[in-house]
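These notes are about the structure you will find just below.
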Amino acid sequence: MSTVVVEDVVTIPEAPMRTPRKRWTRFILPVFTIAMIVYLAFPVLVMIVYSFNIIPNTGESERQTTEFHCCTIVHWQEIFKVPELNHALAISLAVAFPAALIATGLGTFVGLVLGRYRFRGRALTNFVIFLAIAVPEIVLGSSLLAMFVQLGSSKPLGLYIPLGYWSILVSHIAFSIAFVAITVRARVQGLDQSMENAAQDLFANPRVAFFRVTLPIILPGIVAGFLLALVLSLDDFVITNFVKGSSSTFPTWVFGATRLGVPPQVNVWGTVLFLAGVFAAGLQILRARGAED
Amino acid sequence: MSQAPAEVEGHIPEGVELPPARQGERALARRRQTAAYIQLAPGGIYMILGFVLPLIIIVYTSLSTAGLFTTGGRSVFSWEWSNYTTALSSYGDIYLRSLLYAGIATAVCLGLAYPMAYWIAFYGGRWKSTLFMLILVPFFVSFVIRTVQWNFILGSNGLIFGPLKSLGLVPQDFTILRTPVAVIAGITYNFMPFAALPLYVSLERIDHRLVEAAKDLYASKATAFRKVVLPLSFPGIFAAIILVFVPATGDYVNSVVLGSPRTTMIGQVIQDFFLVRHEYPIAAALSVILMLGMLVIAVIYARVLGTEDSTLAAATA
């Protein structure tokens, strides 16, 4: 490339310098990109702004209105005002953390094995994981419900899982494992195997080599898998709606509330969860930057 | 990208005679196989019970006789193919509508996300990852809440049409909410990151020197794009299509929140049959038909790009 630059410099005195093209078309893509970013962020801004909406007192319980009247912080002060919403949030958190932890534990090993070993059934395992990601949620949700109902009516060995917290937990683990596994697998495949070999050459036994060399390298992949599982669980609507029985998580409660209108506390909690997500993502990016330096 | 893992030295094909000095390697290889299975077992068994078994049970249920679940009795497997004919004859039009809405939304998603991903990947410079982060950040907000916000934005007296109507720019009875346009717009919005991610990943790893080489060979900007960039981004385009189209076809949140009974999508029908009408066999048949349709698309994807393609992995990570 450098030779091209040199030639350019040499030819400048002879040929009149071309005026750099300043056509308006070069602004199309950047302007379009910025417009897209605004478009994608718009509903989130609306959500945040409406958490400060003054809602006219109609005597009934507060429901978000289309008209916006600026501004009040009363919904932020009364963040716990809607007991059903608090309960749904509590269930969401009580599902998401154990589900993400267990899925990370199980999925990490699947990802490790797929990235490191050759074994009979490897292609099949890869295909099942691919399917678990590719199958529409509605199919997986209805299948899980069909299974829980079958279990409930036939009770093999007296075992069954009641629809509610436990069925939600079992289902969330089931769909998160695949996502954790591919995240870890991607990281393991990028791993330089010679590092572990070097450790073993330096008389580390395989276990020490794994914990002191391999694990620290793939740890970002495991953390990313955990966060992904956490977000997937907190945000899941379709599968949860099938297997939830009479309990509710945050998304399913909000969905149910849309018929009558959502209380403003939904905007407040939406904003809180959004900021938590941005914070976690920011931390991840800072960690990644730190690791690069 | 479906190459074998880096560590294959332990793998020895069966039936290969090894020199005496290497006799121990086969035992080592066998030990490694065992180690692999032991580590795979917990997650593998969970996936069989929590993912494969439910899919088998739903196929089983779809061929059972109706009405026995609700009475608390066990379903009777009876090769009841009529569940499928009933499902298709009664809801064939809704399947087609779901495919149509999802297809339009996928096309719009690609059309909007490609230029954006292209500009960020090629001209984003050091702002690349920040710009891309800005695209993803809105999606930290729950899917359902995001969709509800569009209700406020598109509502007939909402943020857009309220002011337009008071200025007299739009007729008073004009509305987008409760029309197919609103549903498709909602799907497009909600699934945009699934298109943007794989497109960005595939565009970002194109070697810029290839484009320069094309230009050195007298290709115009447009030709260089068409003959170099576009073909190299095909894995991303393909991943984007599957990641948007498949979930969009099964989606019903957008159609419930933004649509009307005339925009009902198949997901809503499946949900109603399961949760409201409790007619499990028909519901299962409806679900299996959707699953098979999507499976065909997924298998084509796996054939073309393999199940280990890093575009999908990077996109979901």
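The values are calculated or read from the model by the stated rules, or taken from the named source; none is laboratory data. This is a predicted model, so every value here is computed, not measured. Heads up, the Cβs are rebuilt from the backbone with ideal geometry, glycines too, and the neighbour counts pull from every protein chain shown.
Annotations for the structure displayed:
- Total residues in the range B:54-71 satisfying the condition of being at pLDDT 80 or above and either assigned to a loop (DSSP other than H, G, I, E, B) or under 14 Å from A:Ser142 (Cβ atoms) (or both): the figure is 11.
- Of the criteria (1) more than 27 Å from B:Leu243 (Cα to Cα); (2) in contact (Cβ under 8 Å) with a residue 60 or more places away in the chain, which one B:Ala105 fails: (1)
- Any hit, the range B:253-273, residues being in contact with a Gly (Cβ under 8 Å, 6 or more places away or on another chain), acidic (Asp, Glu) and more than 7 Å from every other protein chain (Cβ to nearest Cβ): no
- Taken together, B:Val229, B:Val299, B:Val288 contain a single residue that is at pLDDT 90 or above and at the interface with chain A (Cβ under 10 Å from one of its Cβ atoms), which is B:Val288.
- Any hit, the range B:96-110, residues being touching a Pro at 6+ places or on another chain (Cβ under 8 Å) and within 13 Å of another protein chain (Cβ to nearest Cβ): no
- Among the residues making up the range B:243-276, those that are under 19 Å from B:Ala196 (Cβ atoms) and under 15 Å from the mean Cα position of the chain (by Cα) are B:Leu243, B:Val244, B:Phe245, B:Val246, B:Pro247, B:Ala248, B:Asp251.
- A:Gly225, sole failed condition from (1) in a loop (DSSP other than H, G, I, E, B); (2) in contact with a Gly (Cβ under 9 Å, 6 or more places away or on another chain); (3) crowded, with 18+ Cβ neighbours inside 10 Å: (1)
- Yes/no for A:Ile182 being of a type in the set (A, V, I, L, M), facing chain B (nearest Cβ under 10 Å) and assigned to a helix (DSSP H, G or I): yes
- Screening A:Ala186, A:Ala204 for residues that are over 17 Å from the mean Cα position of the chain (by Cα) and farther than 30 Å from A:Ala146 by Cα leaves exactly one candidate, A:Ala204.
- Qualifying residue in the range A:166-183 (condition: farther than 25 Å from B:Arg30 by Cα and surrounded by fewer than 17 Cβ atoms within 10 Å (Cβ to Cβ)): yes
- First in the range B:129-144 and more than 8 Å from chain A (Cβ to nearest Cβ), second anywhere and of a type outside the set (A, V, I, L, M, F, W, C) and outside any helix (DSSP H, G or I), Cβ under 9 Å, 6 or more apart: B:Thr130/B:Gly124; B:Phe132/B:Gly124
- Looking across B:Ser129, B:Ser89, one residue alone is out of contact with any Phe, Trp or Tyr (no Cβ under 6 Å at 6 or more places or on another chain), modelled with pLDDT of 90 or more and part of a helix (DSSP H, G or I). It is B:Ser89.
- Residue that is nearest to B:Val229 (Cα to Cα) [pool: residues in the range B:112-128 that are surrounded by fewer than 22 Cβ atoms within 10 Å (Cβ to Cβ), more than 10 Å from chain A (Cβ to nearest Cβ) and touching a residue at least 60 places away in the same chain (Cβ under 8 Å)]: B:Tyr114
- Annotation: A:Pro251 fulfils all but one of (1) free of Cβ contacts under 8 Å to residues at least 12 places away in the same chain; (2) surrounded by 14 or more Cβ atoms within 10 Å (Cβ to Cβ); the unmet one is (1).
- Cβ-Cβ under 7 Å pairs, at least 6 apart or on other chains, the range A:29-54 side within 7 Å of another protein chain (Cβ to nearest Cβ), far side assigned to a helix (DSSP H, G or I) and among the hydroxyl-bearing types (Ser, Thr, Tyr): A:Met47/A:Thr271
- Single residue of the range B:145-167 satisfying the filter (of a type in the set (A, V, I, L, M), more than 7 Å from chain A (Cβ to nearest Cβ) and part of a helix (DSSP H, G or I)) that is farthest from A:Glu67 (Cα to Cα): B:Leu164
- Some residue of the range A:128-139 being within 27 Å of A:Phe237 (Cβ to Cβ) and in contact with a Phe, Trp or Tyr (Cβ under 6 Å, 6 or more places away or on another chain): yes
- Qualifying residue in the range A:228-238 (condition: at pLDDT 90 or above, surrounded by fewer than 20 Cβ atoms within 10 Å (Cβ to Cβ) and over 21 Å from A:Thr108 (Cβ atoms)): no
- Test: residue in the range A:69-88 that is within 12 Å of chain B (Cβ to nearest Cβ), in a helix (DSSP H, G or I) and more than 13 Å from A:Asn267 (Cβ to Cβ): yes
- Check on B:Pro5, at pLDDT 90 or above and either facing chain A (nearest Cβ under 7 Å) or closer than 28 Å to B:Met294 by Cβ (or both): no
- Number of the condition not met by B:Glu212 [criteria: (1) touching a Gly at 6+ places or on another chain (Cβ under 9 Å); (2) within 11 Å of chain A (Cβ to nearest Cβ)]: (1)
- Failed item, numbered, when B:Pro193 is tested on (1) modelled with pLDDT of 85 or more; (2) under 15 Å from B:Leu258 (Cβ atoms): (2)
- Criterion (at pLDDT 60 or above and out of contact with any Cys (no Cβ under 9 Å at 6 or more places or on another chain)) met by exactly one of A:Val44, A:Val10, A:Val6, A:Val49: A:Val44
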